[in-house]
Structures are given as C-alpha cells and as structure tokens.
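Okay, structure first, notes after.
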Amino acid sequence: MATVMVKPRTNPSGPGRSRAQDVDRHVGARMRERRIMLGLTQQQMAELIGVTYQQAHKYEKGINRIASGRLYNIAQALGVDVGYFFEGLHSSDNAFKATPQQRMLLELARNFISIPTRKHQDAMCALARALSDHDQ
C-alpha cells in the first residue's frame, strides 16, 4: 500500500482566498488615493458608487475584489479611466504615502468645504492670498 504525503493547508479559513491578492490591493490603494485627492470621505465615496461604507472600505483595503462593472462605475465617479487603477501595478513602490504637507492640505480642503457661507470661504481665500504674498 502506497503512502500519500498530504501537504498541510496554508489557508486555515477553508477554500477560496483568505488574503487579498496584490492586484486587488493595488486597485484599492489607487481608489483610495484618488478619493483622497478629491477630498472625499469613505462615506461620500460609498454613496457615490451605491455601496455601504463597509464595502467601500473593503474595496480600498483590497479585501473584496471589485467586479468590472463596479470598477467602471467607480472610475466614472472619480473622473478617471479604468486604466488609472492599474497604473504602476508592476512598479516596486505601489503604496501612496502622503507627505505631512499633503495631509495638511487635505485637511484644509475638507474644512474649507465645510464652511457654510460663501462669504466666509471668500474671506479664507483672501487670508491665504495675504499670507502667501512673497513681497513682504
């Protein structure tokens, strides 16, 4: 009688994949990068594409794969071509890392959008122009 060697399972959660694949993570990271560039929250993004906040979060983390039709809708909502999500896929450094200045700029943009009156937004713009005047 022959002995059969069985390799132990590397996926303890059962059949299917338990970890996101590299492509799924890359597409999710590109989705997150574009959302942040537009100053959208995950909740706003979820509403734009017609999914729950939790689902949008899973897309961005690469936990759940994005179906082709959904990816097309996401691309339209973010104002990019579908190919945008695959740009840089084979480069060695795929992760977007915002600088401290980029993070402050994002916070400034989010706060600016939250200012309820146009008059106050105009005043903030005037203040920024005055502070950035290089002739002083």
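The values are calculated or read from the model by the stated rules, or taken from the named source; none is laboratory data. In this text, all values refer to a predicted model and were calculated from it rather than measured experimentally. We place every Cβ from the backbone using ideal geometry, glycine too, and count neighbours over all the protein chains shown.
Observations on the model:
- Condition check for Ile74: in the same structural domain as Ile36 (by TED's automatic domain parsing), modelled with pLDDT under 95, aliphatic (A, V, I, L, M) and on the phi < 0 side of the Ramachandran plot: no
- Selection from region 24-40 of residues that are over 17 Å from Gln76 (Cβ atoms) and over 8 Å from the mean Cα position of the chain (by Cα): Asp24, Arg25, His26, Gly39
- Meets criteria (among the acidic types (Asp, Glu), without any contact (Cβ under 8 Å) to a residue 40 or more places away in the chain and either closer than 23 Å to Leu108 by Cα or surrounded by 14 or more Cβ atoms within 10 Å (Cβ to Cβ) (or both)) for Glu60: yes
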